[in-house]
Amino acid sequence: MSIELGKDSIDIGIVVKDAETALKFYRDTLGFEHVADTPVAGGTMHRLLCGTTLVKIVKHDVVSENADHTGGPGGATGIRYWTITVPDLEAITDKCRSAGYTVAVEPRDVRPGVRISMVEDPDGNWVEFLENNA
């Protein structure tokens, strides 16, 4: 049995240490559309759109000392990365590198017609970019 969906994508919440550095990455470098800032209990949620996915950048007034493990797919269990399909893998990877972000996985083929790269956001979360020409 599957659940009934209200839209064709999921939303993602990313709790950050510094909202401005996260916004510089997601809004300014990746070009996500900023739609609103919303007060939440103990902080602020910056709402950005990536296609129909709502990316919620959450900054709490008091930052927890507990940090998620960084390190991409092999760093720990749990959600380690998320994927954005792009038309030009080299361009977005170069844009992130030029803006000073760590390219954790250089562009590479993963199967015929499919290429990926992975970039770390300012909090060490990994974003996978995928180009599908299969």
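Coordinate-derived values only; no laboratory data. No experiment lies behind these values; they were computed from the predicted model shown. Ideal geometry is used to build each Cβ from the backbone, glycine not excepted, and the neighbour counts take in all protein chains shown.
Calculate, in nm to one decimal, what THR85 and SER64 gain on full extension: separation in residues at 0.36 nm each, minus their alpha carbon distance.
4.4 nm
If each residue of separation counts as 0.36 nm, what is the full-extension length gain between ARG27 and LEU5 once their alpha-carbon separation is subtracted?
5.2 nm is the gain from fully extending ARG27 to LEU5.
So if I place +1 on the C-beta of Lys and Arg and -1 on the C-beta of Asp and Glu, and nothing else carries charge, what would the dipole magnitude of the chain be about its Cα centre? I want it in debye, nearest 20.
Here the chain has a charge dipole of around 100 debye.
Within the set of other residues whose C-beta is less than 9 Å from the C-beta of THR38, count the net charge using Lys and Arg as +1 and Asp and Glu as -1.
+1
Quick check on the chain: helices-only [θ] at 222 nm, where DSSP H runs of length 4 and up contribute -39,500 (n - 2.57) each and the sum goes over total residues. Nearest 500, please.
Estimated from H runs of four or more residues: -3000 deg cm²/dmol.
Find, to one decimal place in angstroms, the Kirkwood hydrodynamic radius of the range 79-134, where the mean of 1/r is taken over every pair of different Cα atoms and then inverted.
Evaluated on the range 79-134, it is 11.2 Å.
Taking other Cβ within 10 Å of each residue's Cβ, how do SER64, SER9 sort, fewest first?
SER64, SER9
Starting with the highest mean, order 114-127, 35-48 by the number of other Cβ atoms within 10 Å, averaged over the residues of each peptide.
Listed from highest to lowest mean packing, they are 114-127, 35-48.
For the chain, give the share of DSSP beta bridges that are antiparallel, in percent and rounded to the nearest 5; count only bridges with both residues there.
Just about 75 percent of them are antiparallel.
Between LEU130 and GLU106, take the C-beta separation as r, use R0 = 25 Å, and let me know the FRET efficiency to the nearest 0.05.
Given R0 = 25 Å and the Cβ-Cβ separation, E is 0.95.
Quick one: if the Förster radius is 22 Å, what FRET efficiency do ALA99 and THR38 give, using the C-beta to C-beta distance and rounding to 0.05?
Once the sixth-power term is evaluated, E becomes 0.25.
Given 25 °C and 0.890 mPa s, how large is the Stokes-Einstein diffusion coefficient of the chain in µm²/s, with Rh as the Kirkwood radius over Cα pairs?
154
Among the trypsin sites (Lys or Arg not before Pro) in the range 1-30, which ones are in a DSSP loop with at most 10 other Cβ atoms within 10 Å of the Cβ? Mind listing them?
Those that pass, being in a loop and sparsely packed, are LYS7.
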